[in-house]
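The structure appears below as structure tokens.
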Amino acid sequence: MLAGQSVTLERVSMAFGDFVAVRNADLHIEAGEFFSFLGPSGCGKTTILRLISGFNEPTGGAIRIGGADMAGIGPNRRPTALIFQNLALFPLMKVWENVAFGLEARGVARAERRRRAAELLELVALEGQGEKLVSALSGGQRQRVAIARALAVEPAVLLLDEPLSALDLKLRQKMRAELRTIQQKTGVTFVYITHDQGEALTMSDRIAVMSQGRIEQVGTADAIYREPASAFVATFVGESNVLAGRVTGTLGDEAMIETAHGGLAGRNPHGLRTGVAAQLVVRPERCRLLDGDAPGNRLAGTVERLDFEGAFVSLVVRLADGTEVTAQLANDGSLPRLKAGTPAAIGFPPEAALLLPVAGDG
């Protein structure tokens, strides 16, 4: 029976000459957790994966797996297995031989290799496919073979570097569910790298959002979406309207911010003081089209466009200075006919908005 182990990063940094790819990363991944690193290309997430796997040694800090310090321990001696983007399967080998390749390298007898390969192929829903050549399989089937091969060596931590990026949308969505199911069945710790927020939000127990080598926020999908710690997280994970201004007053858990578009109110979880620069963030689905002088926050402008998205319509309103704000509205037949250039106002209650600090301002 496979069992996961914890992974801990203690102020881990990685520099390549003058370029710092990872900066003082502190993180603890629980044993048996499905944990994702999410961020744009070049943010440092793949570098962290290579550090955990042992293909790179950090230039600062320590990495522990199951509590053991990994300093000086190479990839072949760590309790990890890595699945690359290109899968690196052997196309002219049979499926079962690909799965059992790591076992053969360890000197496991042929009969035991075949038995173990059959077990793993059943686990990944490929029973009866062992005699086929890998080249005869579909993209999704090859993906499952790569997972089975990685699990064959009984890793405590399985590292996955954007393994679904080459698949089409429908197959990616199907494989998300399958990966999550496999992880839950095995109990192995999965550490998953992706730039696709849909993958991270759908599969993960927790997510670390990265930007420019730093971990911006760690939390559950729901927490990161509802309570982003920075404007970067708010805009990278989902869509957000972001308006800059300066705090003009506070009252309880809320604060007022003066923007180029007037005064607005929102929740103030960071305790921002009067006078400091701030950003107000509100999700499009929390906004509504205003009719008349409704109470609450108000942003008036002209209709830029309506984007129809099936069950929803995205109303984009251009404000006086050219800033665009979006409201995601239900396509339930109640929307008035809105043409580009006609006046419109978007509103939202203070509890739907979040005030976030601006880097470098106290």
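The values are calculated or read from the model by the stated rules, or taken from the named source; none is laboratory data. Quantities reported herein were computed from a predicted structural model and do not represent experimental measurements. Cβ atoms come from the backbone with ideal geometry, glycine included; neighbour counts cover every protein chain shown. What goes into the accessible areas is simple: the full protein's heavy atoms, side chains included, and nothing from ligands, DNA or RNA. Shrake-Rupley method; radii C 1.70, N 1.55, O 1.52, S 1.80 Å.
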For Val316, only one of the following conditions fails: (1) at positive phi; (2) at pLDDT 95 or above. What is its number? (1)
Keeping to the range 34-62, report how many residues are of a type in the set (A, V, I, L, M, F, W, C), in contact with a helix residue (DSSP H, G or I) (Cβ under 9 Å, 6 or more places away or on another chain) and either part of a helix (DSSP H, G or I) or open to solvent by less than 10 Å² (accessible area, probe 1.4 Å) (or both). 3
Considering the range 299-340 alone, what residues qualify as being closer than 27 Å to Arg267 by Cα, aliphatic (A, V, I, L, M) and in contact (Cβ under 8 Å) with a residue 40 or more places away in the chain? Leu299, Ala300, Leu319, Ala320, Val325, Ala327, Leu329
Could you tell me which residue of the range 160-176 is nearest to Glu104 (Cα to Cα), considering only residues that are within 15 Å of the chain's Cα centre (by Cα) and not basic (Lys, Arg)? Leu160
Residue check: is Thr274 surrounded by fewer than 21 Cβ atoms within 10 Å (Cβ to Cβ) and more than 22 Å from Asp321 (Cα to Cα)? yes
Does the range 186-200 contain at least one residue that is polar (S, T, N, Q) and surrounded by fewer than 19 Cβ atoms within 10 Å (Cβ to Cβ)? no
Within the bounds of the range 123-130, is there any residue that is surrounded by fewer than 16 Cβ atoms within 10 Å (Cβ to Cβ), under 30 Å from Ile63 (Cβ atoms) and not small (Gly, Ala, Ser)? no
Any idea which residue in the range 350-362 is surrounded by the fewest Cβ atoms within 10 Å (Cβ to Cβ), counting only those that are more than 25 Å from the chain's Cα centre (by Cα) and touching a residue at least 60 places away in the same chain (Cβ under 8 Å)? Gly362
Is it true that Val134 is open to solvent by less than 60 Å² (accessible area, probe 1.4 Å) and more than 25 Å from Ala3 (Cβ to Cβ)? yes
Taking the range 201-211 and keeping only residues that are more than 14 Å from Cys43 (Cα to Cα), among the β-branched types (Val, Ile, Thr) and crowded, with 18+ Cβ neighbours inside 10 Å, one is left with Ile207
Out of the residues in the range 244-259 that are in contact (Cβ under 8 Å) with a residue 40 or more places away in the chain and closer than 15 Å to Val358 by Cβ, state the one that is surrounded by the fewest Cβ atoms within 10 Å (Cβ to Cβ). Ala244
Of the residues that make up the range 201-215, is at least one of a type outside the set (Val, Ile, Thr) and in a helix (DSSP H, G or I)? yes
If Arg214 satisfies every condition in (1) out of contact with any strand residue (DSSP E or B) (no Cβ under 7 Å at 6 or more places or on another chain); (2) open to solvent by 60 Å² or more (accessible area, probe 1.4 Å) but one, which is the exception? (1)
What do you reckon, is Glu227 in contact (Cβ under 8 Å) with a residue 40 or more places away in the chain, of a type outside the set (S, T, N, Q), within 23 Å of Ile29 (Cα to Cα) and surrounded by fewer than 20 Cβ atoms within 10 Å (Cβ to Cβ)? yes
Output the number of residues of the range 313-339 satisfying the condition of being closer than 27 Å to Ala244 by Cβ and open to solvent by 50 Å² or more (accessible area, probe 1.4 Å). 5
Subset of the range 82-97 that is part of a loop (DSSP other than H, G, I, E, B) and among the aromatic types (Phe, Trp, Tyr) - its residue that is modelled with the highest pLDDT: Phe90
State all residues of the range 141-177 that are of a type outside the set (Gly, Ala, Ser), touching a residue at least 60 places away in the same chain (Cβ under 8 Å) and open to solvent by 10 Å² or more (accessible area, probe 1.4 Å); if no residue qualifies, say none. Arg149, Val153, Glu154, Asp161, Glu162
Selection within the range 177-210 - of a type in the set (S, T, N, Q) and within 14 Å of the chain's Cα centre (by Cα): Thr194, Gln197, Thr202, Ser204
Is it the case that the range 281-298 has a residue that's within 21 Å of Leu338 (Cα to Cα), free of Cβ contacts under 8 Å to residues at least 60 places away in the same chain, surrounded by 13 or more Cβ atoms within 10 Å (Cβ to Cβ) and among the basic types (Lys, Arg)? yes
